Amino acid sequence: MNIKNQVKVKISSIANGGKGISYHQDKIVFVSNAIPGDEANVEIIKESPKWLEAKLLEIPSNNPKREKAKCTIYNDCGGCQWLGVDYNFQTELKKSVLEDIFKKIAKHPLPSNFKLIKSPKTLNYRNKVTLRGQIDVKGQIHLGFFKKNTRTQIHTRHCSLASDNINDFIDFLYSQKIKGKEGKFRLEIRDLPYEKKQNLFVTLHAVEIKELEKKFLSLIKQNKNVLWAGTPKELNEVPLAIQDKQSQINYHTHPAAFEQINTGLNHELRTIIKTKILDLKVTSVLDLYCGSGNLSLALSNFCKFVVGLEVNKKSVDIANFNVKKNRLKNISYKAVNVKKYLEKEIEKCQIFDAIILDPPRKGIKEDLLPLLKIAPKYLFYVSCDPATLARDIKTLKTHYDIDQVYGFDFFPQTYHLETLTIFKKK
């Protein structure tokens, strides 16, 4: 088969990673942006002895689970895979993928009490985006994203997932011109909805337009909503701003800090963890990979003591700033290598009733051994990759029972699903 052959397929199921599954000439076909029920012409773009990879030539109109996506670049953009797909069907697909991952990797069924927490907003929920931009020969500013699986820019005046404040700023830049040199750049924009007046952080990576850096930043600062705009070299000078408010706690942030991009659903995650901590009568918590204290700040009023560990010093500085600003007690954060700290300070860590884990995508494989030696009564494992969670469950289940699994749909219109798994020591 020639690699650019076009064939017609019918999608029967969904794979981890969000690609639709079909079959052609005894080979499995993985189709980007496709969902079960689609019948469509696709182009084969990659081939191996056992499988084919394909892309949709056009979005199918014959699937009742779809409506036309209101985005001009949807089929080419690498951002949304399921824009226009019925939202309830999206969550059904995510649950089915999670069930399959638990069965095949964790060798454990998804518990019958599984709950999937839907996003309060299915569009315009992102409080941060990274835009790829270009200034053309006439000085016109173009903004957008990379075309799927390429480094080619595709431009748009509106992102269906970005917050209204961010889209208003995109519209502002399109109305401006900046002459002097054509070239590419990158913008990181963070929306600060709880700042009453100016509510945007904008970081400019000039890339090909270094000569226009000052001029471009001056233009950006003309926007009335911009609280701070600058380059990565200036990040140390940025004052912290309020990203979020919940339960009388102000959560401050910084342009370079990692934060959950779906504020509304992040409230649900915090609430469920806090409620479970109270129900289980947990009095001491160790928060690993704690970031700026997102999951543990609210626990200080209910626990005798809370400690957070995080390798990123800037995040820890923000966490301790949040402690001070909110006048919280019984809580502190340390900048340490989590694995080394756990190995060295096992006895200190054994005083905690519960450990919260919110690791990077790779999971906690390297930290499992010291964690099992600490052996807290409860583990609250937040994962952004169900596959690495399932791998870790294979080891944890010899020492812990799974009490509950929650799915959190932080990223509507995409295949991504975050989870919270609560473990109880056997």
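Near residue 265: Cβ cut-off under 9 Å, other residues only, Lys/Arg at +1 and Asp/Glu at -1. The net charge is -1.
Counting other Cβ atoms within 10 Å as a rough exposure proxy, the listed residues 317, 171, 38, 367 run 171, 317, 367, 38 from fewest neighbours to most. Taking a ≥ b ≥ c as the square roots of the eigenvalues of the Cα gyration tensor, region 258-379 is rounded, since a/c falls below 1.5. Where both bridge residues fall in the chain, DSSP classifies roughly 65% of the beta bridges as antiparallel. GNM remark for the chain: springs join alpha carbons under 10 Å apart, and the peak mean-square fluctuation among 48, 22, 218 falls on 48.
Each Lys and Arg adds +1 at its Cβ and each Asp and Glu adds -1 at its Cβ; summed about the Cα centre, the chain shows a dipole of about 520 debye. Test of understanding: in a Gaussian network model of the chain with alpha carbons linked when under 10 Å, which of 384, 71, 159 would top the mean-square fluctuation ranking? Among 384, 71, 159, the largest mean-square fluctuation in the Gaussian network model of the chain belongs to 71. For the options 176, 413, 81, a Gaussian network treatment of the chain with springs between C-alpha atoms closer than 10 Å singles out 176 as fluctuating the most. Of 95/118; 394/424; 224/325; 128/196; 118/334, which ones are farther than 21 Å apart at the Cα? Cα-Cα > 21 Å for 224/325; 118/334; rest within. The order of 332, 32, 296, 160, going from fewest to most other C-beta atoms within 10 Å of their C-beta, is 332, 32, 160, 296.
The distance from the alpha carbon centre of region 63-98 to that of region 173-215 is 30 Å, rounded to a whole number. Across region 188-195, computed HN-Hα scalar couplings (Karplus, 6.51 cos²θ - 1.76 cosθ + 1.60, θ = phi - 60°) run 10, 10, 10, 8, 10, x, 9, 7 Hz from first to last residue, x flagging Gly and Pro. Labels on offer are [x] -0.52; [y] -0.25; [z] -0.29, and the one holding log10 I(q)/I(0) by the Debye sum over Cα atoms at q = 0.06 Å⁻¹ computed from this structure is [z].
Pairs of Cα atoms nearer than 8 Å and 6+ residues apart set the relative contact order; for the chain it is 13 percent.
The alpha-carbon atoms of region 128-237, seen along their principal axes, cover 37, 30, 26 angstrom, with the largest extent given first.
For region 302-308, the Karplus equation 6.51 cos²θ - 1.76 cosθ + 1.60, evaluated at θ = phi - 60°, returns couplings of 10, 10, 5, 7, 9, 10, x Hz by residue, with Gly and Pro reported as x.
Computed from the coordinates by the stated procedures, all read-outs in this text should not be read as laboratory data. What you see is a predicted model, and the numbers here were worked out from it, not measured in a lab. Because the Cβ atoms are built from the backbone with ideal geometry, glycine has one as well, and the counts that use them run over all protein chains shown.
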